Amino acid sequence: MSEAGFFEQKRGSPTGFALVVAAHVAALGALALVKGPEFIRPLNPPLVMTPIDIPDDPPPEPPRPRAEPRQPSHMTVAPTPVPGPTDFITIQRPPQPPIFDTRPPGPVEIARVETPTPVRREAELIPRDLQPPYPTAEQRAQRSGSVRVRLTIGPDGRVTAVERLQATSDAFWRVTERQALTRWRFRPATVDGRPIAATRVMTVTFRIEDL
């Protein structure tokens, strides 16, 4: 078989193709005309009634006793006091930030504790047998004079020592020393009432006209 004869067998005519299409259209039309089953929905469905049990009415409640009227209370409510002109309201100020001193530090001062000053009283001479006897030699010579001494007085008021500071003559000094040690008495010096030893300076004068 030649090549030309093969292609001639495969090629169809236009009239045959049209007949095939027409057959398919006729088949689809026949299927469309076939009616299937119809489902009709009822317009008014049947009414179904279900019985419901209704409970009986409860018996009426007995009447409640009438409440007695409430007696007024004797409690008195005090009104809130209103601040008057003499009342003070304290307003707290907010805390202030610390202030830093930028000045250089100054000298540190140390607080001194004041101690009470003790009460001191000086020795007092008792005016008795004060004048020493006039020396015989100075009396004959008609000479006057003086003696200045420093006395040490004990807590008992007696003179325990005599120091010569100035004297006109030895005669005036000796009689003065003897008189002070044997005759002179003092009220002792005290500190806060406590007797203590003390010193005192005295001057004795000798005058010839007093004889």
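Extension gain residue 120-residue 158, at 0.36 nm per residue separation less the Cα-Cα distance, in nm?
11.8 nm
What list of ³J(HN,Hα) values in whole Hz, one per residue of region 125-138 in order, does the Karplus curve 6.51 cos²θ - 1.76 cosθ + 1.60 (θ = phi - 60°) give from phi, with Gly and Pro shown as x?
For region 125-138, the Karplus curve yields 6, 7, x, 7, 6, 8, 6, x, x, 6, x, 5, 5, 6 Hz.
Counting only residues 5 or more places away or on other chains, whose amide H sits under 5 Å from the amide H of residue 199 once H atoms are built in the peptide plane?
153
Starting from 0.36 nm per residue, how many nanometres of slack lie between residue 23 and residue 191 once their C-alpha separation is accounted for?
Roughly 44.4 nm would be gained on extension.
How many times 2.2 N^0.38 Å is the alpha carbon radius of gyration of region 121-210?
1.16
From the backbone phi of region 198-206, what are the Karplus-calculated ³J(HN,Hα) couplings (6.51 cos²θ - 1.76 cosθ + 1.60, θ = phi - 60°) in whole Hz, Gly and Pro given as x?
8, 10, 7, 9, 9, 10, 10, 10, 10
Can you give me the relative contact order of region 121-210 as a percent, contacts being Cα pairs under 8 Å and 6 or more apart?
Relative contact order, region 121-210: 43 percent.
Between residue 142 and residue 181, take the C-beta separation as r, use R0 = 25 Å, and let me know the FRET efficiency to the nearest 0.05.
In this case the efficiency is close to 0.35.
In debye, nearest 20: dipole of region 121-210 around its Cα centre with unit charges on the Cβ of K, R (+) and D, E (-)?
Dipole about the Cα centre, nearest 20: 80 debye.
Laboratory data are not the source of any read-out in this text; all were calculated from the coordinates shown. As the structure is a prediction and not an experimental result, all values here were calculated from the model. Because the Cβ atoms are built from the backbone with ideal geometry, glycine has one as well, and the counts that use them run over all protein chains shown.
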